[in-house]
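Take a look at the structure below.
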2 protein chains.
Amino acid sequence: MTYLDHNTYISLALEEARLAAFHNEVPIGAVLVHKETGEIAARHGNRTITQSDPTAHAEILVIRQLCKDLGSQRIPDYNLYVTLEPCTLCAAAISFARIPNLYIGALDKKGGGVYHGAQFFDQPTCHHKIHIEHGFMAQDCSQILKDFFKAKR
Amino acid sequence: MTYLDHNTYISLALEEARLAAFHNEVPIGAVLVHKETGEIAARHGNRTITQSDPTAHAEILVIRQLCKDLGSQRIPDYNLYVTLEPCTLCAAAISFARIPNLYIGALDKKGGGVYHGAQFFDQPTCHHKIHIEHGFMAQDCSQILKDFFKAKR
């Protein structure tokens, strides 16, 4: 296999976000990709309501699944793609899992924990800094959330 | 049942911390208690290694278990007792779960996310503030960690 471009993986994360909305969950999706082969190792959308678990965010679900699959609490060979800026909970989990690269779709002023609020990776209590980029298919990643909450009102 | 004093519940959390150390896990324990009846609803120690899950902190495990038991992602009727200041991941999860009161044993300058680093509850991205107290059996809660890491060296 070969590593594809970032937008391709964000598109897959967006598919998971759409599926989450179908389950009446906040449409955010995440995909873990092997940093060399480009293999898609895990993909999930939010499932906090379905699973009765306030921590069942897309990022947490892919991390938990792959860690279980590999029998390790650290996955330094996998890059994370997520449609929305991770919240503080997810930012910390990403760091604990030793994920090296994080690619984000849209930013999240209200609940983000990377560029906003807690800015987890910039804290002295963050002991594993990572490479982060954002803006991949940001318009699509943001629009699906707007549509979801508009329909909810 | 009747609600007991905070040190009693912290003592139970300390038992979970001791059990965690027995499994070679960082000795931190957490207990969820019904805020009116004092019923002990969930108790766990860290299990990140045993479960191959970087998010399997004591706090996350009790929250996940009780939420599953109650079929809800919010548990506003339960107070959380934890031997060490929650990290940023746990602080966010506590807020998302709508836990009203948090009682902490020892503080954690290195990895804490409540009084240190991200100071999650003080951020504008934290949408559910809670009541927090610390210093319950702090010496015991701290010593068990020191002993654990000393033995590891």
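Coordinate-derived values only; no laboratory data. Being a predicted model, the structure only gives us computed values, none of them experimental. With ideal geometry, Cβ positions are generated from the backbone for all residues, glycine too; neighbour counts draw on all protein chains shown.
Observations on the structure shown:
- Residue-wise HN-Hα couplings along region B:84-97, as the Karplus relation 6.51 cos²θ - 1.76 cosθ + 1.60 with θ = phi - 60° gives them from phi, are 10, 3, x, 6, 4, 4, 5, 4, 5, 5, 4, 5, 4, 7 Hz; Gly and Pro carry x.
- Distances from B:Gln51 to itself in the other copies, using label points 7 Å out along the Cα-Cβ axis, amount to 1.1 nm in increasing order.
- Spatial separation of Cα centroids for region A:1-57 and region B:76-125, in angstrom: 27 Å
- The protein assembly as shown - charge dipole about Cα centre, Lys and Arg +1 at Cβ, Asp and Glu -1, debye rounded to 20: 120 debye
- Vicinal HN-Hα couplings computed from phi for region B:47-59 (Karplus, 6.51 cos²θ - 1.76 cosθ + 1.60; Hz; Gly/Pro x): 9, 5, 6, 3, 9, 6, 9, x, 9, 7, 6, 3, 4
- 3J(HN,Hα) from dihedral phi, region B:66-71, Karplus parametrisation 6.51/-1.76/1.60, rounded to Hz, x for glycine, proline: 5, 4, 5, 4, 8, x
- For B:Ala41, the amide hydrogen comes within under 5 Å of the amide hydrogens of B:Leu32, B:Val33, B:His34, counting only partners 5 or more places away or on other chains and with H modelled in the peptide plane.
- For A:Gly29, the amide hydrogen comes within under 5 Å of the amide hydrogens of A:Ala17, A:Thr83, A:Leu84, counting only partners 5 or more places away or on other chains and with H modelled in the peptide plane.
- Approximate spin-label separation A:Ile49-B:Ser72, in nm, with each point projected 7 Å along Cα-to-Cβ: 1.6 nm
- Charge tally around B:Gly117: other residues with Cβ under 15 Å, Lys/Arg +1 each, Asp/Glu -1 each, net -1.
- DSSP-defined beta bridges in the protein assembly as shown - what % are antiparallel, rounded to 5: 60 percent
- Taken along its principal axes, the alpha carbon cloud of chain B reaches lengths of 40, 38, 30 Å, longest axis first.
- Charge tally in the Cβ shell below 12 Å around A:Leu107, where Lys, Arg are +1 and Asp, Glu are -1, A:Leu107 excluded: -1
- Charge sum, other residues only, whose C-beta stays under 13 Å from B:Leu14's C-beta, Lys/Arg counted +1 and Asp/Glu -1: -2
- For chain A, DSSP calls about 60 percent of its internal beta bridges antiparallel.
- Value of Rg to Rh for the protein assembly as shown (Rh from inverse mean 1/r over Cα pairs, i.e. Kirkwood): 0.97
- Of all chain B C-beta atoms, the nearest to the rotation axis linking B with A is recorded, alongside its rounded Å distance, as B:Ala118, 2.
- Counting from the shortest, the label point at B:Ser142, 7 Å from Cα toward Cβ, is 4.7 nm from the same position in each remaining copy.
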